[in-house]
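J.: Before I ask anything, here is the structure I am working with.
Read the figures in this text as sums done on the coordinates, not as results from a lab. Keep in mind that what you see is a predicted model, and the values were worked out from it rather than measured. Reconstructed Cβ throughout: ideal geometry from the backbone, glycine too, with neighbour counts over all protein chains shown.
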Amino acid sequence: MTDSLDQQVVIITGASSGIGAALARACSQRGALVALAARSRERLSRVASSCPGETLVVPCDVTVADERRKLVGVVIERWGRVDILVNNAGIGYYASFEEVDEASLRALLEVDFLAVFGMTQEALRVMKPARRGLILQVASTGGLIAHAPSVAAYLAVKHAVVGMSRGLRRDLEGTGVRVQVVCPHLTDTGFFEAGIGAEAMKEVADRVRGHMDTADQVAEGILRQMGSERFIVFPTDRARSAYEHFLEVA
Ligand SMILES: NC(=O)c1ccc[n+]([C@@H]2O[C@H](COP(=O)([O-])OP(=O)(O)OC[C@H]3O[C@@H](n4cnc5c(N)ncnc54)[C@H](OP(=O)(O)O)[C@@H]3O)[C@@H](O)[C@H]2O)c1
C-alpha cells in the first residue's frame, strides 16, 4: 500500500476528468507534488482546487510533441525532477469493425498510443540520468483480452500499449527506472461521452453503469500497487475477475 508519496513529483496526463482526476486527488492526499495535464485548463483548475497539496496545472495536448516536452520542462523547472509519470490520457472508439475509418483510427492512435510512447520518452530523458523513476501506463483490461464487441480499434491500441511496455521493461533492466501497466475495467467516468462513436458507446455504457467501478476505487487500487513488483496491475477485483473470465472466452 502506498501510504505516503511525500514530496514525490507526479505527472498525471488526463487529470481533468475521471480516473486521472481521482488519482491526482489521491496522490495529493498522500503528500505528492502533482502536475495535472490535459487540454482543458478550466477543468484542470477545478481538479487542482480539490487537491489538498501543491499542484501545477499544465494545459497540454499530449498528441503534440512540443507540448509533451514543455510539460516535462515546466515540471523540472518547478520541482527539479519527475519521480512518477502516469500516462492516463485516453479516448475510446466504439464502432463496428467495418465502420472504423482510417482518419479516426489515426486520431485514436495519436492519443492512446503515440502520445504514450512520446511522453514515456520525455520522462526517460530525465529519469534515466537520475537512475530512478516509475512510469505507469493506464491501458485497460482491453489491452489483454477482448472484453466487449465493437471496440476492436480501441483493443488494438491498448494491446499496443501493453506490448510497448513489455519491451520497455526489458530495456529498463538495471536502469533504476520501472514501468507498470494499469488495466482498469469498465469505470464510471466521462470516457463513454468523450471518445469516437461516443453517442452509441454511451447508450451501451448506460445499460451496465451499475456494474462499473468508480474512478475513486480505481485510483485507490492503483495506489495500493504502485511501485510493487507487479507489472500488470488490476486496480480492482472486478477488473481482475473480468480479465480471468474473458481470458477463457475472448
Ligand atoms: N472508463 C473506463 O471504463 C476505462 C476502462 C479501462 C481503461 N480506461 C482508460 O483510462 C484512461 C482514463 O480514462 P477515463 O475513464 O478517466 O476517461 P475520461 O473521464 O474521459 O478522461 C480522459 C482524460 O484524457 C484527457 N485527454 C483526452 N485527449 C487528450 C489529449 N489529446 N491531450 C491531453 N489530454 C487528453 C481528457 O482531458 P481533456 O479533454 O481536458 O484533454 C481527460 O482528462 C484512458 O486511457 C482510458 O482508455 C478507461
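J.: Looking at region 112-200, which GluC sites (Glu not before Pro) are DSSP coil and have at most 15 other C-beta atoms within 10 Å of their C-beta?
T.: Filter output for region 112-200: E173.
J.: Only Lys, Arg, Asp and Glu count, each charged at its Cβ (+1, +1, -1, -1), so figure out the dipole size of region 88-159 about its Cα centre, rounded to 20 debye.
T.: Details: 6 positive and 7 negative charges, 147 e Å.
Roughly 700 debye for region 88-159.
J.: Now a separate question. What net charge is computed for the residues neighbouring L109, neighbours being all others with C-beta under 14 Å from the C-beta of L109, Lys and Arg scored +1, Asp and Glu -1?
T.: -2
J.: Then there is this: Could you state the angle between the C-alpha long axis of helix 198-208 and the longest principal axis of the C-alpha atoms of the chain, as a value from 0 to 90 degrees rounded to the nearest 10?
T.: Value to nearest ten degrees: 80.
J.: Work out how much length R169 to E244 would gain on full extension: take 0.36 nm times their residue separation and subtract the Cα-Cα distance, in nm to one decimal.
T.: Details: separation 75, 0.36 × 75 = 27.00 nm, distance 2.33 nm.
Gain on stretching R169 to E244: 24.7 nm.
J.: Another question about this same structure. Which residues in region 197-238 place their backbone N less than 20 Å from a point set 7 Å from the Cα of D3 along the Cα-to-Cβ direction?
T.: 220-229
J.: For the pair E229/R81, report the inter-label distance in nm, with labels modelled 7 Å from Cα in the Cβ direction.
T.: Taking the two extended label points, one gets 2.5 nm.
J.: Under 18 Å Cα-Cα from K202, which aspartates and glutamates qualify once same-chain neighbours fewer than 8 residues away are excluded?
T.: Reachable aspartates and glutamates: E99, D188, E193, D213.
J.: Quick check for me: using +1 on Lys/Arg Cβ and -1 on Asp/Glu Cβ, what's the dipole size of the chain about its Cα centre, in debye to the nearest 20?
T.: Rounded to the nearest 20 debye, it is 920 debye.
J.: Additional query: Just A21, A205, A37 to compare: in a GNM of the chain, with alpha carbon springs under 10 Å, which one fluctuates most?
T.: Taking springs between Cα atoms under 10 Å, the residue moving most is A205.
J.: For V72, what charge total do you get from the other residues with a beta carbon under 9 Å from its beta carbon, if Lys and Arg give +1 and Asp and Glu give -1?
T.: Summing Lys/Arg as +1 and Asp/Glu as -1 gives +3.
J.: In degrees between 0 and 90, to the nearest 10, how far off the longest principal axis of the chain does helix 152-171 point, with axes built from Cα atoms?
T.: The angle comes out at about 40 degrees.
J.: Still on this structure, please answer the following. Would you mind getting me the FRET efficiency between A200 and D237? Use the beta-carbon distance for r and R0 = 25 Å, nearest 0.05.
T.: 0.30
J.: What angle do you read, to the nearest 10 degrees and between 0 and 90, between the alpha-carbon axis of helix 115-130 and the longest principal axis of the chain?
T.: The answer is roughly 30 degrees.
J.: Taking just the alpha carbons, could you work out the radius of gyration and Dmax for the chain, both in angstroms?
T.: 16.9, 49
J.: Could you run the Karplus curve 6.51 cos²θ - 1.76 cosθ + 1.60 with θ = phi - 60° over region 36-45 and give me ³J(HN,Hα) per residue in whole Hz, x for Gly and Pro?
T.: Running phi through 6.51 cos²θ - 1.76 cosθ + 1.60 with θ = phi - 60° gives 9, 10, 4, 7, 8, 4, 4, 5, 4, 5 Hz.
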